[in-house]
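Read through the structure below, which is laid out as structure tokens, and then see the notes.
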Amino acid sequence: MLYLLVGLRREASPFRRSESYGKMPIVGVTGILLAQKLLQFSVNSTMKNEAIRNPAIRTIMMPRDTNALGSIFGGHILSLIDLAAGQHARTVAPKKYVTKVMREVEFIAPVFVGDAVSFYCATIKQGRTSLTIQVDVEAVRGVDNLQTIKVTTAQVVMVAVDNHNRPIPIFDEA
């Protein structure tokens, strides 16, 4: 009998990925056609999939982070956006950075206790002393990580500074 090895990839933790496999018997013409469709879907999904994103930071929301309405306090999310942008800036060039501007932040969806919130960063502009970083915030909700929800997007301008908090070039000038 022929079997189709079905792989399920789930994120077990922020640090490692786990895969579990099951066997599905391929029976008759219908089974073969189904196997071909699954294989085609898998190949197309892999080809379309962007590079695997790694968050600058990821955290689980706790009860201490809630506001009076029971959702996560927006100011807490803002502070985590700032931390994520700073962490990303340090990966671009290992300097000391300060936040100059956090551009419009519109919360699209609430975040709740137990949500795993990820902060994905990308440099969208590089100046002589500053980096403009886009931070995309997503929450994974549900006991089995069933739902990924976009929470907000922000642009943060980080400026490299010296020990006296004066702007310095991000990269050494020749």
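Modelled spin-label separation between R90 and R128, with each label point placed 7 Å from Cα along the Cα-to-Cβ direction: 2.7 nm.
Just want the ordering: H164, H76, H88, from fewest to most Cβ atoms lying within 10 Å of their own Cβ.
Values: H164 6, H76 18, H88 24.
Going from sparsest to densest Cβ surroundings: H164, H76, H88.
Calculated on the Cα set of segment 72-174, radius of gyration then Dmax: 15.3, 53 Å. State, to one decimal in nm, how far the label point of D162 lies from the label point of L146, with both points 7 Å from Cα in the Cβ direction. With each label point 7 Å from Cα toward Cβ, the separation is 5.7 nm.
Within the shell of other residues whose beta carbon sits under 11 angstrom from the beta carbon of F171, the net charge comes to 0, with Lys and Arg scored +1 and Asp and Glu -1.
Values in this text are rule-based calculations from the coordinates and carry no lab data. Predicted model only: the values in this text are computed from it and were never measured. Quick reminder, even Gly has a Cβ in these numbers, built from the backbone with ideal geometry, and neighbours come from all protein chains shown.
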